[in-house]
Amino acid sequence: MHANLASILKPKCFVMPTTKHMAFTLLLIFSGFISQSQIIIKGKVIDAATKEAIHGASIHCTDTGCTCGCSTNSSGEFLIDCEDNCKNFSISFIGYTTHLTSISHIGEIITLSPSTSLMNEVVVSANRGETVKRSQAPIAINQINTKTIQETKAITADQLLNKVSGVNMISLGNEQHQMSIRQPMTTKSLFLYLEDGIPVRTTGLFNHNALLEMNMASVKNIEVIKGPSSSLYGSEAIGGVVNFITAAPASIPVLKLSAQGNNIGYKRVDLQSGFSKNKWGFALNGYYADKRNSFMEYSDFHKATLTGRVDYRFSNKTTLSSSATWLNYYSDMPGGVDSTMFATRTFVNPQTFTYRKVDALRYRSTLSHTWNDNSKTTGSIIYRNSSIGQNPNYRIKDDFKKINGQWIGRKELAHGEINESSFNSYSFIGQHKQNLTWKKANLIGGLSIDLSPSTYNAGYIQIKKDTITKKYVSYQKTDSTLTHYTNRINNYAAFVNFEFSPVEKLRVVASLRYDLFNYDFDNHLKTSAFTGSRDTVNRFSKFSPKLGFTYNVSNKTGLYANYSQGFVPPQVTEMYTGVKIPNIKPSVFYNYEVGGWIEIVKNKLSVDASVYNLDGTNEIISVKLEDGSTENRNAGKTSHKGIEFGLNALPLKEVTVRFGGAYSKHSFTEFIEKGNNYTGNEMNNAPRWLHNAEIWYRPSFVNGLRIGAEWQTVGSYYMDPKNTVKYEGYNVLNLRAGYQYNGFEIWMNVINATDNYYSYISTKTNSYSYQLAEPRNFIVGMSYDLGRLIKD
């Protein structure tokens with residue numbers, strides 16, 4: 001038997017056999033001597049937090065004179081034969097703390113923990129899903145890792161994203177939101193949201209609430225690219241790209257159930273599960289959230305979402321991964337409060353029937369094949385279906401109004417609309433990566449096709465208003481259809497990314513993307529100011545370049561610079577609202593950026609910073625014409641300048657400190673909208689200062705205990721583009737504590753611990769509007785991993 005094995009094990013490293021027992025069970029055993037000088041070692045390496053297999057981890061003997069070593073395959077498995085005098089081993093992988101062990105202390109499970117050093121941080125969004133060192137990416141990119149997600153216990157995505165310097169995700173209640181990344185707080189299509197590198201929504205149908213469609217129970221980490229990234233990811237990637245990376249099936253059984261709730265009506269249950277067996281891997285993650293009778297009148301909601309994923313490994317070189325996410329969402333739509341209600345802390349609401357509901361389904365199937373160590377091809381097919389139905393509060397208008405100094409109409413009547421926007425997407429994305437022998441170069445090229453037919457319809461409703469309470473109490477549908485159209489949006493794109501190192505320590509990255517859009521608009525009603533434009537076909541195209549470099553002065557210090565362009569094609573609502581179809585083109589943004597990082601004390605103190613200048617041109621604004629009418633035109637220019645900085649420190653073994661901040665100025669360069677000249681003014685809803693700081697204490701004398709505090713600051717800003725009135729901004733303190741023992745965990749978060757009264761976002765148009773923040777609330781939760789009870 002030993003002689004036969006010895007004839008097989010001539011190389012020092014080879015692929016581990018994929019028998020049923022070895023694939024499902026995590027093994028690290030010594031099967032004895034092959035001869036007087038050989039010993040067999042076989043096992044699997046996994047991530048300590050996610051329990052996922054780690055592909056490419058290095059295992060080698062550290063004893064003098066020993067040369068045996070190996071790397072794990074796509075299942076995290078390895079098998080090597082070593083000399084019998086090998087006693088000590090090192091297991092390592094980029095982004096993880098190296099694990100040193102000896103033969104006598106090796107257990108059945110080898111787990112690697114993420115490294116605390118930013119210099120070893122890896123990212124997957126820098127060049128379309130291929131893992132690279134952060135120090136080789138010439139962009140401002142931040143990662144919210146698994147540990148942060150697991151310890152924060154966020155119930156909304158903004159509680160995570162606002163930890164990133166320069167990011168201000170604004171809560172509009174019930175997971176609805178706006179965003180600010182190198183842009184003012186806005187609902188405009190200036191941000192691209194991805195799930196595993198694939199856009200959540202199709203181009204031309206941007207929705208500022210897109211992230212409520214995310215299943216946060218399936219997310220293992222989040223990456224944020226700040227600044228334009230159209231050269232790799234396409235349109236809308238202007239202020240930033242947010243990529244939610246979902247969990248793969250765990251190598252060992254995981255079945256985690258959790259429940260949490262707070263004292264202002266919120267309740268939620270989560271399911272996180274997964275396992276691998278033979279060539280198969282399975283994961284099922286989701287949650288149900290519900291809120292009733294909160295502090296604000298008429299603000300109930302519920303959300304159910306579930307993600308299933310199945311992976312199949314044909315071989316160590318070929319894998320197929322398929323996932324589907326289902327969502328059902330409903331929320332009351334109360335809207336903001338006016339200045340009187342805000343000043344008097346009045347939490348009643350005039351709405352009684354307005355709502356937003358979303359039904360969505362996303363499917364992705366990705367086939368990956370590694371040809372050799374230098375060549376890899378992936379192809380993905382995608383299907384998306386999304387429907388947003390609304391009875392929106394912002395469409396309600398009173399019939400009783402003042403015209404030429406006289407009040408006309410009936411006080412007890414108002415009008416509004418019920419609308420629905422939906423689309424289907426059929427997409428393909430293919431790409432190939434090729435490593436070259438010249439100057440450590442690599443080339444990534446690919447193409448994408450997105451065919452997305454969409455529909456929109458809106459119907460008129462009559463509303464009854466209580467003249468005493470000022471509440472809108474009921475509505476009646478009519479036969480009057482305001483809008484009904486379909487639009488087929490086709491997007492064809494090709495992209496290429498080239499990297500090389502002309503000299504040691506210098507890495508040059510260049511990328512280029514070409515996009516072609518075809519809008520085929522079909523109006524099912526007669527053309528009018530309400531129903532929309534005539535039938536038509538519009539085409540847009542754009543080349544988007546990017547050029548940057550990184551220079552690593554040492555293992556602790558690096559610099560980068562880049563120039564990039566981003567673009568936004570006209571949205572459907574900008575093109576076909578009204579009788580006349582405007583002659584508008586994509587808006588283009590030009591970005592110049594420099595930055596760097598330094599690890600001042602190894603694994604103790606690191607700092608990073610970036611400075612940017614982003615100019616927007618051809619921005620679409622509504623221009624007032626000589627006859628008094630308005631028309632959308634490419635007539636707007638804006639300027640965005642800022643500095644972002646972050647600090648991570650480990651002053652004591654038990655204490656970690658993080659600080660992120662940004663100072664920016666957003667201005668109208670040339671901007672005359674509807675006859676109002678804002679040129680030279682600061683943009684509204686654009687705070688100059690953003691800060692977020694956090695400290696965690698994990699006492700060694702109570703293993704599994706954590707206590708944390710987070711302080712967030714949003715500075716003052718103008719509420720209107722005329723710069724007539726400012727909002728003072730706000731500060732908020734959040735406290736968190738948790739305890740974990742084996743598979744059991746409990747936690748409590750105190751959100752807005754000082755019970756500060758403030759508004760998430762405050763605006764002034766014809767009147768004032770304040771989006772009230774939640775008062776102090778206590779979130780208590782617990783979870784247990786039943787996977788620990790499952791026997792191999």
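The values are calculated or read from the model by the stated rules, or taken from the named source; none is laboratory data. Source: prediction; values computed, not measured. Glycine gets a Cβ as well: all are built from the backbone with ideal geometry, and neighbour counts include every protein chain shown. These area figures cover heavy atoms from the full protein model, side chains too; ligands, DNA and RNA do not enter into them. Shrake-Rupley method; radii C 1.70, N 1.55, O 1.52, S 1.80 Å.
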Go through the stretch 524-544 residue by residue and tally those that are closer than 26 Å to Gly616 by Cβ and more than 23 Å from the chain's Cα centre (by Cα).
7
Name the residues in the stretch 276-330 that are out of contact with any Phe, Trp or Tyr (no Cβ under 8 Å at 6 or more places or on another chain), crowded, with 21+ Cβ neighbours inside 10 Å and not in a strand (DSSP E or B), would you?
Ser299
Close pairs from the stretch 155-182: first within 22 Å of Gly265 (Cβ to Cβ), partner of a type in the set (Val, Ile, Thr) and open to solvent by 20 Å² or more (accessible area, probe 1.4 Å), Cβ under 6 Å, at least 6 apart
Glu175/Thr156
Number of the condition not met by Thr148 [criteria: (1) in contact with a Gly (Cβ under 7 Å, 6 or more places away or on another chain); (2) polar (S, T, N, Q); (3) modelled with pLDDT under 95; (4) over 23 Å from Asn613 (Cβ atoms)]
(1)
Just checking, how many residues over the stretch 91-142 are over 20 Å from the mean Cα position of the chain (by Cα), open to solvent by 40 Å² or more (accessible area, probe 1.4 Å), modelled with pLDDT of 75 or more and within 22 Å of Phe549 (Cβ to Cβ)?
2
Please enumerate the residues belonging to the stretch 359-375 that are within 18 Å of the chain's Cα centre (by Cα) and open to solvent by less than 50 Å² (accessible area, probe 1.4 Å).
Ala360, Arg362, Arg364
If we keep just the residues of the stretch 561-586 that are open to solvent by 10 Å² or more (accessible area, probe 1.4 Å) and of a type in the set (Ser, Thr, Tyr), which is nearest to Lys641 (Cα to Cα)?
Tyr563
Yes/no for Phe428 being touching a strand residue (DSSP E or B) at 6+ places or on another chain (Cβ under 6 Å) and open to solvent by 60 Å² or more (accessible area, probe 1.4 Å):
yes
Output the residues belonging to the stretch 227-258 that are part of a strand (DSSP E or B), open to solvent by 10 Å² or more (accessible area, probe 1.4 Å) and not hydroxyl-bearing (Ser, Thr, Tyr).
Ile245, Val254, Leu255, Lys256, Leu257
Unmet criterion (only one of (1) open to solvent by less than 70 Å² (accessible area, probe 1.4 Å); (2) under 25 Å from Thr483 (Cβ atoms)) for Gly445
(2)
Ile695 in a strand (DSSP E or B), among the β-branched types (Val, Ile, Thr), within 28 Å of the chain's Cα centre (by Cα) and more than 25 Å from Ala140 (Cα to Cα)
no
Residue that is surrounded by the most Cβ atoms within 10 Å (Cβ to Cβ), among those in the stretch 448-483 that are acidic (Asp, Glu) and modelled with pLDDT under 95
Asp466
Output for the stretch 342-358, where each listed residue is open to solvent by 20 Å² or more (accessible area, probe 1.4 Å) and either closer than 25 Å to Asn316 by Cα or not aromatic (Phe, Trp, Tyr) (or both):
Ala343, Thr344, Arg345, Thr346, Val348, Pro350, Thr352, Arg356, Lys357
Given the criteria within 28 Å of Arg658 (Cα to Cα) and touching a residue at least 40 places away in the same chain (Cβ under 8 Å), does Leu559 qualify?
no
By residue number, the members of the stretch 194-218 that are assigned to a strand (DSSP E or B) and either open to solvent by less than 10 Å² (accessible area, probe 1.4 Å) or among the charged types (D, E, K, R) (or both) are Leu194, Glu195
Kindly indicate the residue of the stretch 609-620 that is at pLDDT 95 or above and surrounded by 21 or more Cβ atoms within 10 Å (Cβ to Cβ) and also farthest from Tyr590 (Cα to Cα) among those meeting that condition.
Ser610
Given the condition open to solvent by 50 Å² or more (accessible area, probe 1.4 Å), out of contact with any Gly (no Cβ under 6 Å at 6 or more places or on another chain) and either of a type in the set (A, V, I, L, M, F, W, C) or within 30 Å of Asp785 (Cβ to Cβ) (or both), answer yes or no: does some residue in the stretch 718-727 qualify?
no
Tally time: how many residues in the stretch 359-400 are of a type in the set (A, V, I, L, M, F, W, C) and either without any contact (Cβ under 8 Å) to a residue 24 or more places away in the chain or closer than 21 Å to Asn316 by Cβ (or both)?
3
Residue pairs qualifying under the 6 Å Cβ cut-off, at least six apart or on distinct chains, with the first in the stretch 54-81 being over 16 Å from Ser102 (Cα atoms) and the second being at pLDDT below 80 and open to solvent by 10 Å² or more (accessible area, probe 1.4 Å), are His55/Ser74; Cys70/Cys13; Asn73/Val15; Leu79/Lys42
Does Ala686 qualify as being within 28 Å of Ala773 (Cβ to Cβ), in a strand (DSSP E or B) and small (Gly, Ala, Ser)?
no
When the stretch 331-375 is checked residue by residue, the ones that are assigned to a strand (DSSP E or B) and touching a helix residue (DSSP H, G or I) at 6+ places or on another chain (Cβ under 6 Å) are Ala360
Starting from residues that are part of a strand (DSSP E or B) and open to solvent by 30 Å² or more (accessible area, probe 1.4 Å), keep the ones in the stretch 519-537 and report whichever is farthest from Asn491 (Cα to Cα).
Ser528
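Yes/no matrix, rows are residues, columns are (1) basic (Lys, Arg); (2) more than 17 Å from Tyr784 (Cα to Cα):
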{"position": "Ala210", "(1), (2)": "no, yes"}
{"position": "Pro228", "(1), (2)": "no, yes"}
{"position": "Gly234", "(1), (2)": "no, yes"}
{"position": "Ala237", "(1), (2)": "no, yes"}
{"position": "Gly240", "(1), (2)": "no, yes"}
{"position": "Ala250", "(1), (2)": "no, no"}
{"position": "Arg268", "(1), (2)": "yes, no"}
{"position": "Gly274", "(1), (2)": "no, no"}
Tell me which residues, restricted to the stretch 145-178, are touching a Leu at 6+ places or on another chain (Cβ under 8 Å) and closer than 18 Å to Glu644 by Cα.
Ser165, Gly166, Val167, Asn168, Met169
If a residue has to be open to solvent by less than 30 Å² (accessible area, probe 1.4 Å), touching a Lys or Arg at 6+ places or on another chain (Cβ under 6 Å) and at negative phi to count, how many in the stretch 262-275 make the cut?
1
Counted residues in the stretch 483-527 being among the hydroxyl-bearing types (Ser, Thr, Tyr) and in contact with a Lys or Arg (Cβ under 9 Å, 6 or more places away or on another chain) come to 5
Identify all residues within the stretch 733-791 that are among the basic types (Lys, Arg), touching a residue at least 24 places away in the same chain (Cβ under 8 Å) and either under 25 Å from Thr148 (Cα atoms) or surrounded by fewer than 17 Cβ atoms within 10 Å (Cβ to Cβ) (or both); write none if there are none.
Arg736, Arg776, Arg788
Name the pairs: first residue in the stretch 339-358 and over 18 Å from Ile468 (Cα atoms) and modelled with pLDDT under 95, second residue open to solvent by less than 50 Å² (accessible area, probe 1.4 Å) and hydroxyl-bearing (Ser, Thr, Tyr), Cβ to Cβ under 6 Å, at least 6 apart or on different chains?
Phe342/Tyr770
